[in-house]
Amino acid sequence: MKVMNMKKMSYLVLAAAFHSGMYASQPESVLWYSQPAKDWHEALPVGNGRLGAMVYGGYASETVQLNEESLWAGCKTDANSDAAAHLPEIQQLLLSGDVGRALELSEKYLRSDPLRIRSYQSFGELKIDFFDGGAPQATGYRRELNLETGIASVAYALGSTRYTRELFISAPDNALVLRLTAGGPDKLTFRLSYAREQDATAFPASENELEIKGQIIDLPARESGEGGLHMKFAGRIRGINKGGRLTAANNSIYVENADEVLFFLTAATDYSFEKLDFDRSINPSAVCKTILDKLNAQDYAGIKDRHVREHGALMNRMSFTLGTDAPASLPVDERLQRVRDGATDLPLIALYFQYGRYLLLNSSRAPGRLPANLQGIWCRDMQAAWSSDFHTNINIQMNYWPAEVCNLPETLLPFSRMIDALRAPGRVTAQKTYNSGGWTVNHLTDPFGRTAIADGVGWGTFPIAASWLVLHQWEHYLFTGDAAYLRDEAYPCMKEAAEFILGYLVKDRNGYLVTAPSNSPENAYLLNGQAFHFTYAATMDVEIITELFRACIQAGKILKRDDAFRKQLGDTLKKLPPVRVGKRYNTIQEWIEDYEEAEPGHRHISHLFGLHPGTMITPATPALFEGARNTLARRLSNGGGHTGWSRAWVINFYARLLDGENAGKHVQALLAKSTLNNLFDTHPPFQIDGNFGGTAGIAEMLLQSHNGELHLLPALPPDWTDGKITGLRARGGWTVDLQWENGRLVSAGISSKDGGKCKIHYGGQIRTVSIKAGEKYGYLTQ
């Protein structure tokens, strides 16, 4: 994409250039609509990792809902149960089969206080109410989100005046930028106001500025802990008009008869990532003023240019075209409805893929510090579904499945830093609750470093989570080869997670070393007619521990350290129970015994972790591979995959099973059954992990590298006959471009900044080649 020098262009020319499509020659880079959003779930998201906004695009009244990544209710607290002394008794009861008594004691001794966390919250809304002067109905309406530029825009005409708006959130300048123009005889007259459901006020800071001040007031709650005056937050809105006049009053800025208006907005809290807590020495109002004072308000073109260049440089690392018949003349909601009605729209799949990359980039990156939560960064509520938390039993992990393979490794870093930050509170949980060294976290966390059991003992007891989280750090090394990152950040987290496991394992009656207590996330088994979550040595635990210990052994060898520790891990691996294929249904056993499932169509399919994202189950383990296929078939035949994120995981499973036909069917189902009109995933309700899992699954269908080779087009659906993708990343530091026609690979380009030997697998043939650093190897099939 060639970006023009915006400094040489007038505001008016900029608007015309944008709406003529200068920045978006690729149809798979634009979401566009012919009417305003009816509600939040049709609004279009923009962000910079720290700030987020949802843009509705109305012409009589515009709504822009706002977020700041650290604006959470609650406060830091030690919720850990002091259960270490009672853990051996609970473990022995589980091992002897007295699950009911083990659960009874666990409810008494493992239960945390407070049991629940509080929610991520909306920063509030901007409302823009326009004066229409009795103008006719808007014509020529179009709203769009350009994924390449990160700009949401609206254009329409009222009479003979053309109105345009464009909004973006700049990472370089750390602020939201909104520009409104009127081209024609009529002018801009409107009121922009700020409002929040609770805990905030806005007032004039100067003739052209509003200041927002707030503090979350939490009421005491039996399960969510103490109340009080908690996080402080602030915002600042600065308006600049060309023509007419602009005045700040009350909670609003009133504009009259202007040709164009610029608004700059930023927000901040007194949250400190370093402390995982409030820091009352932080003045969020002063932070906001400092950010806006650095902006040269007269250089809109330069501000926009910096944003477009920086954002585009990241998004444009990849391109993807799929199919040849693109109904580009139709808006996205109409195309999606056609898919719901049974049509196939291959270019819409390419758009969905790029949208997933866009959402990850804009919810997990600098200047932000926190990882993407259950809604990325976009949340309209004071009490969000599942608190919009960081759920660590699949959801936050799925958020980052596309980070490496889809060429956005920077997005992993906020997640990695959060993992590192959780080590300190996680050591307390390991010691107080589980009587072990190292560190751990259970099935969720929040910005205050929650590592204690949460939500309930039965399914909230998930101390394997830390071991799963650190595997993302190992993957980051495998994709990037960053030895300093491995040494300084990844390996210390990995080693401590492994140390926790070593101290937590106990010997069962068969001599295996097992986790106890354990559960297979959120699913239950039947024992003597009763359903239980609680168990020992759930299959997922065994698979995660195997991946972790193998990764630690390999990392230790690379770093040339910890010989004795590596030997201990190797010895322990030999004593773990095997992953089994059960006799009941010839499926992978989900639990240590071949129990009947309480819900055969459960949304979690945790016992297939070894298939994906793990590496234990491959064609090289044929019995397990076939057992995994049977497991998936049984789950789906009983209604599984019904939530958006679960469907996304199914796509990844079928990709690893090398079953392109079924993978493609579930991509189609993800769009038809679990995708909102703005292409957000719905659980329901909206939950962003399905977007990320779906994007990762599409990549997994086109390239796999988890077993020491580059497997090209391993699971290509029969109807994805023609396509081209560039910029995919593979373990070992490889970048891969692929082009195929009539279902067959035509060419591939493979390169690496470091070079080396590369094993390439396509169509049953394996070729090992040496590729020089910085050179692209051309793989031709004809």
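The values are calculated or read from the model by the stated rules, or taken from the named source; none is laboratory data. Not measured: the values here are computed from a predicted model. Counting neighbours? That spans all protein chains shown, and the Cβs are built from the backbone with ideal geometry, glycine included. Ligands, DNA and RNA are stripped out before the accessible areas are found, and what is left, the full protein with its side chains, is counted by its heavy atoms. Shrake-Rupley method; radii C 1.70, N 1.55, O 1.52, S 1.80 Å.
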Q | Ranked order, Ser206, Ser752 - accessible area, probe 1.4 Å, largest first | A | Ser206, Ser752
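Ranked highest first by average number of other Cβ atoms within 10 Å, how do 689-697, 297-305 line up? Present the calculation step by step, with values, prior to reporting the outcome.
Numbers: 689-697: 29.6, 297-305: 17.4.
Ranked by mean Cβ neighbours within 10 Å, highest first: 689-697, 297-305.
Find out how many positive minus negative residues lie around Arg647, taking Lys and Arg as positive, Asp and Glu as negative, among other residues whose Cβ is under 12 Å from that of Arg647. Could the numbers behind the result be given before it?
Details: positive: Arg603, Arg635, Lys665, Lys673; negative: Asp681, Asp689.
Surrounding charge for Arg647 is +2.
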Q.
Using a 1.4 Å probe on the protein heavy atoms only, what accessible surface does His472 show? Give it in Å² to the nearest 10.
A. 20
Q) Going by the alpha-carbon gyration tensor, a ≥ b ≥ c the square roots of its eigenvalues, is region 655-782 rounded (a/c under 1.5) or, if a/c is not under 1.5, prolate (a/b greater than b/c) versus oblate? A) prolate
Q. Quick one: with all protein chains in place, what share of the accessible area of the chain is carbon or sulfur, to the nearest percent (1.4 Å probe)?
A. 48
Q. Do the sum for the chain: with -39,500 (n - 2.57) for every DSSP H run of n ≥ 4, divided by all residues, what is the mean residue ellipticity at 222 nm, to the nearest 500 deg cm²/dmol?
A. -9500 deg cm²/dmol
Q: Please calculate the 1.4 Å probe accessible area of Ile592, with all protein chains present, and give it to the nearest 10 Å².
A: 20
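Compute and list, largest first, the equivalent-ellipsoid semi-axes of region 462-599 from the alpha carbon gyration tensor, each √(5λ) rounded to a whole angstrom. Walk me through the intermediate numbers first.
Numbers: eigenvalues 192, 47, 31 Å².
For region 462-599, the ellipsoid semi-axes come out as 31, 15, 12 Å.
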Q. If we count every other residue with Cβ under 13 angstrom of Arg357's Cβ, Lys/Arg +1 and Asp/Glu -1, where does the sum land?
A. -1
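What does the accessible area per residue of the chain come to in Å², with a 1.4 Å probe and no ligands, DNA or RNA counted?
On the way: 27140 Å² over 782 residues.
Result: 35 Å² of accessible area for each residue.
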(Q) Residues of region 751-782 with backbone nitrogen within less than 13 Å of a virtual label 7 Å along the Cα-to-Cβ line of Gln739, please, listed as ranges. (A) 778-782
Q) Which value, in Å³ per residue, describes the convex hull spanned by the Cα atoms of region 711-779? A) 76
Q | In nm, spacing of pseudo-spin labels at Leu526 and Lys108 (7 Å Cα→C-beta vector) | A | 3.0
Q.
Between Lys776 and Lys574, what is the label-point separation in nm under the 7 Å Cα-to-beta-carbon projection?
A. 4.9
Q.
Once you order the gyration tensor axes a ≥ b ≥ c over the Cα atoms, which shape class does region 207-360 get: rounded for a/c under 1.5, otherwise prolate or oblate by comparing a/b with b/c?
A. oblate
Q: Assuming R0 = 60 Å, can you tell me the calculated FRET efficiency for the pair Lys753 and Glu223, based on Cβ-Cβ distance, to the nearest 0.05?
A: 0.75
Q. By the scheme Lys and Arg +1, Asp and Glu -1, what is the net charge of all other residues having a beta-carbon under 15 Å from that of Ser112?
A. -1
Q.
Given axes a ≥ b ≥ c from the Cα gyration tensor, I'd like to know whether region 582-732 is rounded (a/c under 1.5), prolate (a/b larger than b/c) or oblate.
A. oblate
Q) Residue separation times 0.36 nm, minus the C-alpha to C-alpha distance between Lys665 and Gln35: what's the value? A) 223.8 nm
Q. Where does the Debye-calculated log10 I(q)/I(0) of the chain sit at q = 0.07 Å⁻¹, using only Cα point scatterers of equal weight, no solvent?
A. -0.51
Q. Quick one: length gained pulling Asn638 to Ala483 fully straight, 0.36 nm per residue minus the C-alpha distance?
A. 51.3 nm
Q: Determine how large the accessible area of Tyr109 is when every protein chain is in place; take a 1.4 Å probe and give Å² rounded to the nearest 10.
A: 60
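What's the ranking of 86-94, 419-427, 239-247 by average number of surrounding C-beta atoms within 10 Å, highest first?
Details: 86-94: 18.7, 419-427: 21.3, 239-247: 16.8.
My ranking of the peptides, most packed first, is 419-427, 86-94, 239-247.
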**Q.** Rough spin-label spacing in nm, given labels placed 7 Å along Cα→Cβ, for Arg101 and Glu596
**A.** 2.5
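If each residue of separation counts as 0.36 nm, what is the full-extension length gain between Glu256 and Thr139 once their alpha-carbon separation is subtracted?
Roughly 39.8 nm would be gained on extension.
Quick one: which of Lys38/Lys304; Lys232/Lys304; Lys127/Lys242; Lys432/Lys507 span more than 23 angstrom between C-alpha atoms? Working shown, then result.
On the way: Lys38/Lys304 28 Å; Lys232/Lys304 30 Å; Lys127/Lys242 21 Å; Lys432/Lys507 21 Å.
Result: Lys38/Lys304; Lys232/Lys304 exceed 23 Å.
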